[in-house]
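Here the structure comes first, spelled out in structure tokens, and everything after it is commentary.
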Amino acid sequence: MEISFAKKRALVTGAGKGIGRDTAKALVKGGASVIAVSRTQSDLDSLKAECPAIIPICVDLSNWEATEKALNAIGHVDLLVNNAAVAILKPFLEATQEDFDKSFDVNVKAAFHVAQIVAREMKVRGTGGSIVNISSQASQAAIEDHAVYCATKGALDMLTKVMALELGPHKIRVNSVHPTVVLTAMGRIKWEDPENAKYMISRIPLRKFAEVEDVVNAILFLLSNKSSMINGALLPVDGGFLAS
């Protein structure tokens, strides 16, 4: 299935590493003009070196005012990937107010804010668009030491549904993807150890973790016109974890 993003402008948050970085590169390869957002300048510099066409923006999305300043003048955006996130994993009784606030500021509030900025302009232009929020299997399944993270992703799921409901009449589709453990560079450090991986793998019917490409392909599909009748969907990329 050929997917083209020619003449489209895309914004990807959390584009410095992992899923966001590979999504930004895939969109460029598909013909899109891509704005890559990260809070780490060195990651943007290396991404720019790989893909000179990318437009980098360095901003901490948990800062509402800085985000407004950085994104309000970027012009029109057809495609948005809300990928920026933090994962602070602690037992429920050990999680702190700081952990809670930081997690919700990035995983929910920043996604909400960036989508508002982009969708307002989409509505004014009247040409529609597609937004994909990156959620997690942890939004729908309780996982030990993930109390705060699970809560943020559950909130993001409901935000996705309400956005789909309210923005759909303006030809703006909103969906989310829900990966299992993804073998990013950082993910491999923990999860390639068979002892660490044993329990989680046992809960995945396909008995394997996701590669970054698996998630990127799902994102590209939901962004594209190939999914033009899909709106408000929560798409698992989890090898059957949520079905078991």
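FYI, it's all coordinate maths here, none of it is from the lab. Just so you know, these numbers come straight off a predicted model, no measurement behind them. Positions of Cβ are backbone-derived with ideal geometry, glycine not excepted, and every protein chain shown enters the neighbour counts.
What the table shows:
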{"read-out": "Region 1-30 and region 132-191: distance between their alpha carbon centers, rounded to Å", "value": "18"}
{"read-out": "Surrounding net charge for Gly20, when Lys and Arg each add one and Asp and Glu each subtract one, Cβ distance under 13 Å", "value": "+2"}
{"read-out": "For region 37-52, 3J(HN,Hα) per residue [Karplus equation, 6.51 cos²θ - 1.76 cosθ + 1.60, θ = phi - 60°, Hz, x = Gly/Pro]", "value": "10, 8, 8, 10, 4, 4, 5, 5, 4, 5, 5, 4, 5, 6, 10, x"}
{"read-out": "Among Asn175, Asn107, Asn196: highest mean-square fluctuation, GNM of the chain, C-alpha pairs under 10 Å", "value": "Asn196"}
{"read-out": "Normalised contact order of region 69-157, rounded percent, pairs of Cα under 8 Å and 6 or more residues apart", "value": "42"}
{"read-out": "Farthest positive-ward along region 53-203 dipole, Cα basis, beta-carbon charges - from His178, Val108, Tyr149", "value": "His178"}
{"read-out": "Three-way shape label, region 126-189, alpha-carbon gyration tensor, a/c 1.5", "value": "oblate"}
{"read-out": "Computed helical MRE - 222 nm, the chain, DSSP H runs ≥ 4 contributing -39500 (n - 2.57), nearest 500", "value": "-13000 deg cm²/dmol"}
{"read-out": "Pairs from Lys8/Lys226; Lys48/Lys90; Lys69/Lys226; Lys25/Lys198; Lys8/Lys153 whose Cα-Cα separation, in the structure shown, is over 24 Å", "value": "Lys48/Lys90; Lys69/Lys226; Lys25/Lys198; Lys8/Lys153"}
{"read-out": "Rounded tilt (10° steps) of 18-29 against the dominant C-alpha axis of the chain", "value": "30"}
{"read-out": "Length-normalised contact order for the chain - Cα pairs under 8 Å, 6+ apart - percent", "value": "19"}
